[in-house]
Structure formats: C-alpha cells, structure tokens
1. With θ set to phi - 60° and the Karplus curve 6.51 cos²θ - 1.76 cosθ + 1.60, what are the ³J(HN,Hα) couplings of the stretch 87-94 in order, to the nearest whole Hz, using x for Gly and Pro?
2. I'd like the accessible area for Val66: 1.4 Å probe, protein heavy atoms, all chains in place, Å² to the nearest 10.
3. Determine how large the accessible area of Leu42 is when every protein chain is in place; take a 1.4 Å probe and give Å² rounded to the nearest 10.
4. Rounded to the nearest percent, how much of the accessible area of the stretch 51-90 (1.4 Å probe, protein heavy atoms only) is carbon and sulfur?
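The values are calculated or read from the model by the stated rules, or taken from the named source; none is laboratory data. On a predicted model such as this, the values are computed, not experimentally measured, just so you know. For accessibility, only protein heavy atoms count, side chains too; no ligands or nucleic acids. Shrake-Rupley method; radii C 1.70, N 1.55, O 1.52, S 1.80 Å.
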Amino acid sequence: MAQGKLKVKSKPPQNSKKPQNKGSAFSKRKNAPIQSKKHKFLEDHKLKQVITKTVNKKNEDDLRKVAYEGQTKLSQAQLAVQEHHRKQAQNSSASEAGSSKA
C-alpha cells in the first residue's frame, strides 16, 4: 500500500501581488534598424572609388593637354566647319576692303 500523503503543489495566497516580468536589457526598435558594418564599409569603398576615378581622369586630361599642346585633332566635320568660317572671314574682309576704297 501507498504510504504518506499525495504531494500537492502549493498555491500563493489570493491577495498577494503577482511578480512583474522584467523587460529585456535591449529593446529593438522596428522603425530604426541597425545597419551592418558591411554596409558602411561598402559606402566608404564606393566613395573612395569615385574620388579615385575623378582624380585619375583629371590627371589624364592634364597629361593629354600637355602632350598635345599646340596640336588639335579635329574630325572631318569640324575641319569643314573651320574651313567654311575661314572662307567667310576672307570674303567679308575682302568686301569691306573693296567698299572702303570707294
């Protein structure tokens, strides 16, 4: 036969206050998520690349300017326009010179 009483879980008295649950030490804010460090490094890397490209392009333009100083390579259309303007200037100067003699 069984000996002793059955064990019963004890219940706190009805009028006692319930213990309050403590919040977590760190609360997440859904409206302000924390960005990873990788994101910051990527932004920095992109900025450095842009700066490097602009500096290199400027240096290359300066070097080309020094190397081709006095030389200008014009396309066929640009040469035709330049020749046309030269002829117009000659014609206008010749007509002005002829009208001033009268």
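1. Result, ordered by residue: 5, 4, 5, 5, 5, 5, 6, 5 Hz.
2. Roughly 110 Å² of Val66 is accessible to a 1.4 Å probe.
3. Around 90 Å² of this residue is reachable by solvent.
4. 55
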